Amino acid sequence: MTRTRTTTTFAEAAWISAICFGWAILASSESVAAGFQDLAFTDASLIGLVAMELVLGAIAMLVLHARGYALSGLYPSPSMAGVGWGLGLYVACLGASWIAVAPFAGSQPSQPIDAMVSGASVSLPPVVAAALVNGAYEEVFLLGFLLRGLRGYGLSVALGVSLLIRVLYHLYQGPLGAVSVLAFGLVLSLYYIRTSSLFPVVFAHVLADIVPFV
């Protein structure tokens, strides 16, 4: 059977989002409720993230496959041109995040994400592994599935749902972190809307996950 369906319903989108991001949204909400206490990046936490996303990503893919969804559009296609565009996107994301956060930076205390990065006890291999898996995982399901899949309800709805979920599971980073993530996600989303190309977006995300630790 040829699978060509690339759109989704709100019900299917909700199920896949719950599988892929429900645990992260819950953990992020609990972190906010606890006052951002006991947050840290360690090799163990990064390896755990890799394992969790590989398992949940496989489950989500199996569910979509069983429901007749065309999975081929969810696989990033690496290329040297994509690397170049990804580098440019990463720089654009940095600029957009800085512009979004700058008006509030002076009135806000140090953010949880700053303490998490500065106090991280990590080595390079787990950082790279987590960045590769997490970058692909987030953008495949947020953009490749949600943003593209919900376009039948209107671009503003598809974009809004994707951005909302992205911000919800990054609330643990603090208010400015959430604003930065929103700007970051908006730049990646607009590029994907324009090009329908996932690899540059994934590459930019991988860089964003690696560079702060390096």
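What follows is calculated from the coordinates using simple rules that are stated; it is not laboratory data. What you see is a predicted model, and the numbers here were worked out from it, not measured in a lab. Counting neighbours? That spans all protein chains shown, and the Cβs are built from the backbone with ideal geometry, glycine included.
Quick rundown of the values:
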quantity	calculated
Acute angle (nearest 10 degrees) that the helix 124-139 long axis makes with the longest principal axis of the chain, alpha-carbon atoms	50 degrees
Most mobile listed residue (F203, F145, F41) in the chain, GNM with C-alpha springs under 10 Å	F41
Packing-based exposure ordering (other Cβ within 10 Å, fewest first) of L190, L159, L56	L190, L56, L159
Electrostatic dipole magnitude of the chain [Cβ: Lys, Arg +1; Asp, Glu -1; Cα centre; debye, to 20]	780 debye
A102-L155 FRET efficiency (beta carbon distance; Förster radius 25 Å; 0.05 resolution)	0.35
Length released on extending from L62 to V83, taking residue separation times 0.36 nm less the Cα-Cα span	4.7 nm
Gain in span if fully extended, R194 to I210, counting 0.36 nm per residue against the direct Cα distance	3.2 nm
Percent breakdown of C-alpha pair distances by 5 Å bin, ordered from the shortest bin, for the chain	1, 7, 14, 19, 21, 18, 11, 5, 2, 1, 0, 0
Positive-end extreme of charge dipole, the stretch 113-214 - chosen from A183, L207, A130 (charges on Cβ)	A183
